[in-house]
Every structure is written in structure tokens, then in C-alpha cells.
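To start, the structure itself, in C-alpha cells.
The values are calculated or read from the model by the stated rules, or taken from the named source; none is laboratory data. Bear in mind the structure is a predicted one, so any value in this text is a computation, not a measurement. Neighbour counts run over all protein chains shown; Cβ positions are idealised from the backbone, glycine included. Side chains included, ligands, DNA and RNA excluded: accessible areas come from the protein's heavy atoms. Shrake-Rupley method; radii C 1.70, N 1.55, O 1.52, S 1.80 Å.
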Amino acid sequence: MIYYIGNTHIEEATTTTIDKALEYLNSQDVLFVDTETIRRNESKIKDDIYDTDLLFIQIGDKYNQFVFDTSIDLSFLSKILKSKSILKVGHNIKYDYKVIKNCLNITMENVYDTMLVEQLYTLGKKREDGYYSLEQTLYRYTGLTPYGNQLSLFDPYIPKKARTNLRKDYPSIFYAATDLISTHRVYESQINRSEYNDLIKAIKLENEFVLVLGDMELNGMPINVDKWLDLEEWSKEQEELAQLALQMEYPEIQNWNSALQVGVLFKRLGIPVEVFDKDKEQYKVSVQKIVIQEYAEQFPIIAKYLKYKAMGKLHSTYGAKFLKHLNPVTERIHSSFMQLMNTGRISSTNPNAQNIVAAKDDFPEGIMWREAFETKPGRTFVIADYSSQELFLLANLAKERKMLEVFKNNGDLHSTTGALVYGVPVSKHENPHLRRNGKVINFLTAYGGGASKLHKAFKVSTTKAREIINNFYKAYPDLKTYFEKVYTTSLENGYITMNKLGYRCYLPEFELIKYDIRNKDKHLATIRRKSQNYPIQSGSAVMTKIALVLLRKRLKGIGIICLAVHDEIVIECDIEFAEQAKTILESCMTEAAKFLCNIIPPKADAVITINWNK
């Protein structure tokens with residue numbers, strides 16, 4: 001059944017034919033798309049798209065709306081939804097895309113998400129829950145509330161019952177059509193905003209990238225459940241061994257998970273565990289890693305305690321409980337992704353796939369958890385990440401000649417920094433401790449850190465830390481000039497311009513420096529730090545997003561995109577296509593890198609592996 005609403009009332013909605021619906025829809029350059037769904041509630045996974053049935057798909061504009069009942073074959077909509085010449089507009093279109101692809105086996109191309117664009121307009125601003133909902137967004141632009149208040153005889157009133165208990169009746173059909181009208185009004189308001197042209201490139205990229213995220217969420221990651229459960233047992237044993245070692249040395253502690261008991265012990269041993277609580281304006285005892293780790297060399301018990309806590313976290317976080325995220329239909333792990341954090345980076349929840357434990361210098365066993373993500377026989381992963389992505393981006397943004405020279409000659413930037421700062425030869429073999437210091441200095445400055453953070457990291461006086469920072473900027477003078485420029489520009493604009501596509505981030509500190517005079521220096525320091533760091537984070541995010549957009553276009557029929565973790569991309573394919581997929585992945589990442597780093601771009605080398613172990 002196809003319902004035609006147009007500018008009518010509920011009781012006046014009529015049915016129409018496929019030909020008449022297509023005649024109108026194919027004549028438009030811009031269409032508005034939405035879906036109404038119901039959950040079967042068979043899955044315990046939050047927002048499980050594989051446990052969702054499609055009730056209606058509605059397409060049209062504010063003048064004419066067609067609501068398509070899924071009791072008929074809707075394959076005739078494929079041409080419109082796939083069309084690259086017709087723009088499809090939706091509010092939170094990633095959800096509609098996933099539903100349509102899963103339920104109708106139809107993909108979409110050329111989309112515009114009014115919710116994403118609203119987020120781009122307000123990056124960095126604090127917003128209350130529900131701010132980006134269609135209802136609230138429409139009200140901000142137009143003052144209309146067609147979902148709850150009857151404002152006039154000309155604007156429809158949709159009863160609450162129709163919104164919370166959708167079924168195949170006229171009130172529900174009319175509600176479905178109203179979403180199209182609302183989205184059209186929001187879209188018109190957005191493209192007429194003064195900053196629209198400044199953000200047009202960012203808007204284009206994010207609207208292309210939303211389809212990548214939709215695919216990624218649907219595809220998910222394969223996992224070897226038996227390996228995962230074995231790791232739970234291993235971490236449990238390690239936790240028990242670590243606890244036993246602590247108990248043998250300090251039997252007076254009854255509960256090593258009690259921060260109070262551990263705090264009393266550490267204080268008695270002379271470990272500095274008192275920190276100032278700014279909220280309560282008093283000192284308190286803390287045994288958190290960030291407080292005690294710097295004293296680990298002086299007090300061996302700290303390393304033992306931190307190992308116990310780390311294994312406990314592994315056991316509780318990545319044990320059988322994690323497998324609640326395993327989808328019973330696909331037998332894969334499907335994360336949900338938030339597309340726009342303040343810097344333009346993506347984040348992941350349910351589960352947080354970007355935070356899966358990994359190998360580190362002090363914990364090489366971490367690789368085992370990622371290796372538990374494993375392809376089925378006949379399939380393989382192709383994985384690539386950028387080499388020193390953020391430092392390459394920083395060098396290109398600042399046009400820092402010395403750094404660029406090191407990268408051009410395939411040199412070791414950390415060794416170079418160590419040698420320039422300390423004035424002695426430095427390499428992986430000669431004064432390697434100064435190379436480690438060089439690495440810390442490079443990343444600390446890239447993230448907006450200064451002498452106070454370096455003082456803590458190196459356990460030196462603040463005076464010595466300032467000397468090190470001064471030597472760093474003497475070695476890289478173009479960097480200092482660049483940082484001053486972005487800071488000054490940010491203060492002038494009242495927001496941070498984060499990359500060449502125009503992304504901008506507003507900070508509360510821009511307002512606070514006007515009113516909170518007592519803490520003005522503190523707020524200015526925050527703006528300075530974020531002005532240094534945000535363009536690097538944002539540029540890195542954009543680089544990866546461009547690579548993924550290119551990959552989606554070129555990978556069709558060869559493989560699928562499973563995951564993106566900052567600068568790392570994981571795709572899956574049949575083994576016979578692995579080399580072809582590897583070439584495509586590397587070329588897409590290289591092309592994206594050249595766009596952001598047009599002087600010396602970072603390299604991306606891919607590996608073919610059945611485990612996630614890049």
C-alpha cells in the first residue's frame with residue numbers, strides 16, 4: 001500500500017499507485033527520507049538493527065509525502081535511493097540507511113543529514129539532552145511544534161498515542177509524513193545560515209562519511225569466542241597471582257580493592273598520595289594510577305599494585321560480560337559510533353571498539369585480546385595505519401622545515417628532537433633514554449602540553465622543564481610561529497578553526513575570559529593548549545574519514561569495512577581478494593594523506609592477517 005498525504009488532514013490521506021509516486025519523486029532534485037520501525041525484542045543488544053522490522057518508509061518533501069507500506073515489494077525504490085543525482089535528506093539518516101539496507105537490501109547514495117549538520121554548527125558548545133532531536137531542532141528554527149501542540153488550524157497536531165504506538169493506521173501514517181515536512185523545514189533553514197558556505201566542505205565530507213559508519217556498524221567484527229574466554233581465565237589467574245604477591249608482603253590489608261585501606265598503607269610507606277580536591281577545596285588521599293605511577297621506581301609495591309588492578313579490569317571488562325555484545329544473528333561484534341566529537345573524531349560505544357586493550361611497552365600481552373578478533377576460514381583482514389600521522393600533520397601545518405627534512409629523509413624524529421634539545425648524539429642505540437625523552441616532548445607539544453606537564457613527566461624542576469621546552473622551540477622555530485598564529489586567530493574569531501575543510505570548535509573559555517576575570521589566565525591557557533592540539537586531532541580525523549570515504553567507493557565487491565580506530569582501518573575480504581584489497585586500502589589512505597599533508601605526507605602500509613594484530 002502507498003499512501004499519499006500532501007497538504008491534507010489525517011482523514012483525507014489517500015492511496016496512490018507506484019507509477020504516480022515515482023513520477024513525482026523522480027522529478028525532484030532533493031527528497032526527504034525517513035523510516036518507522038518496530039523492535040521484535042528478541043535481542044538484548046541495545047538498538048540492534050538486526051532485531052528491527054521496517055513498518056513504513058516515507059519519501060517526499062513538505063509539499064507531497066508518500067508513505068510506503070512494507071507489505072508490498074519496495075524494490076522499485078532502489079533507483080531513487082541509489083541515485084547520485086537526487087539528494088536524499090534525513091534527520092539521523094545513518095539509522096534509516098541501516099534499516100533500509102538490512103530490511104530491503106537497498107543501499108543509499110548522495111545523502112544529507114540535518115542532525116549531523118546541526119552538530120557541525122555547534123561543535124564544542126554544551127548542549128542539553130535532546131538538543132539535536134528533530135522536534136527540538138525544528139522548534140529552534142521555526143517555532144513550530146507539530147508533534148505536540150496544535151498551534152493553528154494549518155499546522156497538524158499529532159496525538160501522543162500516534163507517536164508512541166505506531167501501527168498501520170492513518171494517525172501513524174500522518175505522523176510518518178510529518179517527519180518529512182519537519183526535516184524539509186530544518187534543511188531550508190540550515191542551508192540559509194550565514195556560516196553554511198564556510199562549512200560546506202565539512203558538511204560534504206560528513207554526509208559522505210555517514211554512509212561509511214552505517215556500513216561499518218552493520219558489518220561489525222568477527223571474534224573467536226573460545227579464544228576470548230580463554231583470555232578471561234588467563235587474566236583471572238594473573239589477577240589472583242598479583243593479589244597473592246601483595247598479600248604475602250602486606251598481610252594486614254584485607255581488601256586490595258579498597259582505596260581507603262590501600263591509601264592508608266601507601267601513606268604509611270611514604271608514597272605521596274594526597275592530592276588537592278578542587279571541588280571540595282581540601283586534600284584527599286588517592287591511589288589512582290595517574291597519582292602514584294610516577295613513584296613506581298622508588299616504591300616497588302606500586303608496580304605490583306597497578307598490575308593487580310590492571311588484571312582485575314581486564315578480567316571484569318573483557319571477560320564473558322563483553323560477549324553480551326555478540327550479535328546472535330551475525331555472530332559478530334557491532335559497535336555504535338558517534339560521528340562528531342568536538343574535534344571531529346569519531347567515538348565508539350556498545351562496546352567501545354576503539355578502546356580494546358592493545359599491546360604496550362609495559363604490557364606486551366595486550367596483543368592477545370586483539371588477536372581474538374579473528375576471521376573465519378577463507379576470509380582475512382587487511383589492516384593499515386598511518387606512520388606518525390599526527391606529527392606529520394603538525395610538521396605540514398606549521399611548515400616546520402627541520403621536521404619536514406627529517407621526514408623527507410626517512411629519519412627518526414624522536415632521535416632528532418632528543419639530539420637538538422640535549423645537544424648530544426641520540427639514536428635507538430646511543431643515548432636511547434634521550435630518544436624516549438624526545439618522543440615525549442614531540443607528542444607533549446603536539447597535544448598542547450607545556451613546562452608543567454613536562455616537569456611531571458621527567459621529574460625535573462619547573463625551571464629545567466622550561467629550559468627543555470625553550471630548546472625544543474629553538475630547534476623548531478616554525479612550530480613556535482605556527483602555534484602563536486593559531487592561538488591569536490582563535491582569540492580573534494571566538495572559535496578554533498581546526499583544518500582546511502573549515503571545521504570550527506567553540507569553547508566555553510572564549511566567553512569565560514570576558515566574565516570570569518579572576519581566572520582569565522587559566523582560561524587563556526586552556527584556549528592556547530586546545531588551539532595547538534585541536535587542529536592536529538581534527539586533521540587526523542579528517543584524513544582517516546577521507547580515506548574511508550574513498551575506500552567505500554573503491555572496495556565494492558572486494559571487501560567490507562569493519563572498523564576504524566583513529567588512524568587505523570580494518571577491512572575484511574575473501575583471501576583471494578586480499579592483495580587487491582591491500583592495494584586499494586593503501587592507495588586510499590595515501591591519497592587522503594596527500595590532501596591534508598601536501599608537503600610530506602605520512603605513509604600507510606597494510607598487512608594481510610587473519611587476526612586483528614597490526
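Only one residue in Asn224, Asn219, Asn255 is surrounded by 18 or more Cβ atoms within 10 Å (Cβ to Cβ), modelled with pLDDT of 90 or more and more than 14 Å from Ala310 (Cα to Cα). Which one? Step through it out loud before you land on a result.
On the way: Asn224 fails: surrounded by 18 or more Cβ atoms within 10 Å (Cβ to Cβ); Asn255 fails: surrounded by 18 or more Cβ atoms within 10 Å (Cβ to Cβ).
Going through Asn224, Asn219, Asn255 in turn, just one is surrounded by 18 or more Cβ atoms within 10 Å (Cβ to Cβ), modelled with pLDDT of 90 or more and more than 14 Å from Ala310 (Cα to Cα): Asn219.
Residues checked against (1) in a loop (DSSP other than H, G, I, E, B); (2) polar (S, T, N, Q); (3) open to solvent by 30 Å² or more (accessible area, probe 1.4 Å):
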| site | (1), (2), (3) |
| --- | --- |
| Glu365 | no, no, yes |
| Ala384 | no, no, no |
| Val426 | yes, no, no |
| Asn437 | no, yes, yes |
| Ile441 | no, no, no |
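Residues in segment 496-515 that are part of a loop (DSSP other than H, G, I, E, B) and surrounded by fewer than 18 Cβ atoms within 10 Å (Cβ to Cβ): Lys500, Gly502, Pro508. Checking each residue in segment 192-216 for being among the β-branched types (Val, Ile, Thr) and buried (at least 16 other Cβ atoms within 10 Å of the Cβ) picks out Ile203, Val210, Val212. Within segment 459-474, the residues that satisfy the criterion of being without any contact (Cβ under 8 Å) to a residue 40 or more places away in the chain and over 25 Å from Glu400 (Cα atoms) are Val460, Ser461, Thr462, Thr463.
Among the residues of this structure, Tyr196 counts as one that is among the aromatic types (Phe, Trp, Tyr), within 30 Å of Gly539 (Cα to Cα) and modelled with pLDDT under 95. The set of residues in segment 282-329 that are among the small types (Gly, Ala, Ser) and within 30 Å of Ile45 (Cα to Cα) comprises Ala310, Gly312, Ser316, Gly319, Ala320.
Among Lys439, Lys376, which is modelled with pLDDT of 90 or more and under 23 Å from Lys603 (Cα atoms)? Only one candidate qualifies: Lys439.
Of Glu400, Glu371, Glu390, all but one fail to be touching a residue at least 12 places away in the same chain (Cβ under 8 Å) and open to solvent by 50 Å² or more (accessible area, probe 1.4 Å); the exception is Glu371. All of (1) outside any helix (DSSP H, G or I); (2) touching a His at 6+ places or on another chain (Cβ under 8 Å) hold for Lys236 with one exception: (1). Kindly indicate the residue of segment 298-311 that is touching a Lys or Arg at 6+ places or on another chain (Cβ under 9 Å) and more than 16 Å from Leu265 (Cβ to Cβ) and also least open to solvent (accessible area, probe 1.4 Å) among those meeting that condition. Checking each candidate, the answer is Met311. Can you find a residue in segment 90-108 that is β-branched (Val, Ile, Thr), open to solvent by less than 30 Å² (accessible area, probe 1.4 Å), modelled with pLDDT of 95 or more and touching a Lys or Arg at 6+ places or on another chain (Cβ under 8 Å)? The answer is yes; a qualifying residue exists.
Step by step: first the residues of segment 553-583, then only those that are out of contact with any helix residue (DSSP H, G or I) (no Cβ under 8 Å at 6 or more places or on another chain) and open to solvent by less than 10 Å² (accessible area, probe 1.4 Å), then the one that is farthest from Val210 (Cα to Cα). Which residue is that?
From segment 553-583, those out of contact with any helix residue (DSSP H, G or I) (no Cβ under 8 Å at 6 or more places or on another chain) are 553, 556-557, 568, 570, 574-583; that's our starting set.
Adding the requirement that they be open to solvent by less than 10 Å² (accessible area, probe 1.4 Å) leaves 570, 578, 581.
Values: Val570: 17, Ala578: 26, Ala581: 22 Å.
My answer is Ala578.
Picking from residues in segment 396-424 that are among the acidic types (Asp, Glu) and either within 29 Å of the chain's Cα centre (by Cα) or in a helix (DSSP H, G or I) (or both), the one that is farthest from Phe595 (Cα to Cα) is Glu405. Among the residues of segment 167-188, none qualifies, meaning not one is modelled with pLDDT of 90 or more, hydroxyl-bearing (Ser, Thr, Tyr), assigned to a loop (DSSP other than H, G, I, E, B) and open to solvent by less than 40 Å² (accessible area, probe 1.4 Å). Considering only residues in segment 71-89 that are touching a strand residue (DSSP E or B) at 6+ places or on another chain (Cβ under 6 Å) and closer than 15 Å to Ile106 by Cα, the one that is modelled with the highest pLDDT turns out to be Lys88.
Restricting the first member to segment 407-424 and to residues that are within 11 Å of Ser388 (Cβ to Cβ), and the second to residues that are part of a helix (DSSP H, G or I) and small (Gly, Ala, Ser), the beta-carbon pairs closer than 7 Å and six or more apart or on different chains are Phe407/Ala395; His414/Gly438.
Is there a residue being among the aromatic types (Phe, Trp, Tyr) and open to solvent by less than 60 Å² (accessible area, probe 1.4 Å) anywhere in segment 279-289? The answer is no; no qualifying residue exists.
Exactly one residue out of Lys62, Lys88, Lys84, Lys125 is in a strand (DSSP E or B) and within 30 Å of Ser194 (Cβ to Cβ), and it is Lys88.
Take the conditions acidic (Asp, Glu), surrounded by fewer than 22 Cβ atoms within 10 Å (Cβ to Cβ) and at pLDDT 90 or above and apply them to Asp155. Does it pass? Full working, then the answer.
Details: acidic (Asp, Glu): yes; surrounded by fewer than 22 Cβ atoms within 10 Å (Cβ to Cβ): yes; at pLDDT 90 or above: no.
Here the answer is no, as Asp155 does not meet what is asked.
Can you tell me which residue in segment 346-363 is most open to solvent (accessible area, probe 1.4 Å), limited to those that are farther than 29 Å from Ala578 by Cβ and touching a residue at least 24 places away in the same chain (Cβ under 8 Å)?
The first filter runs over segment 346-363 and keeps only residues farther than 29 Å from Ala578 by Cβ, leaving 347, 349-350, 361-363.
If we keep only those that are touching a residue at least 24 places away in the same chain (Cβ under 8 Å) too, we end up with 350, 363.
Numbers: Asn350: 66, Phe363: 36 Å².
This residue is Asn350.
Annotation note: Cβ proximity below 6 Å between a residue of segment 430-450 that is free of Cβ contacts under 8 Å to residues at least 40 places away in the same chain and over 13 Å from Glu390 (Cα atoms) and a residue that is among the β-branched types (Val, Ile, Thr) and crowded, with 19+ Cβ neighbours inside 10 Å (sequence gap 6+ or interchain) occurs for Leu434/Val426; Arg435/Val426; Gly438/Thr417; Ile441/Thr417.
Yes/no per residue for (1) within 20 Å of Met216 (Cβ to Cβ); (2) of a type in the set (Gly, Ala, Ser):
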residue: Asp61; (1), (2): no, no
residue: Leu77; (1), (2): no, no
residue: Ser85; (1), (2): no, yes
residue: Lys98; (1), (2): yes, no
residue: Asn102; (1), (2): yes, no
residue: Gln136; (1), (2): no, no
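For segment 350-359, check the following and say yes or no: at least one residue is more than 24 Å from Leu213 (Cβ to Cβ) and in contact with a helix residue (DSSP H, G or I) (Cβ under 6 Å, 6 or more places away or on another chain). Yes, some residue in segment 350-359 is more than 24 Å from Leu213 (Cβ to Cβ) and in contact with a helix residue (DSSP H, G or I) (Cβ under 6 Å, 6 or more places away or on another chain). Being open to solvent by less than 70 Å² (accessible area, probe 1.4 Å), within 27 Å of the chain's Cα centre (by Cα) and either at pLDDT below 85 or hydrophobic (A, V, I, L, M, F, W, C) (or both) holds for only one residue in Ile45, Ile59, and it is Ile45.
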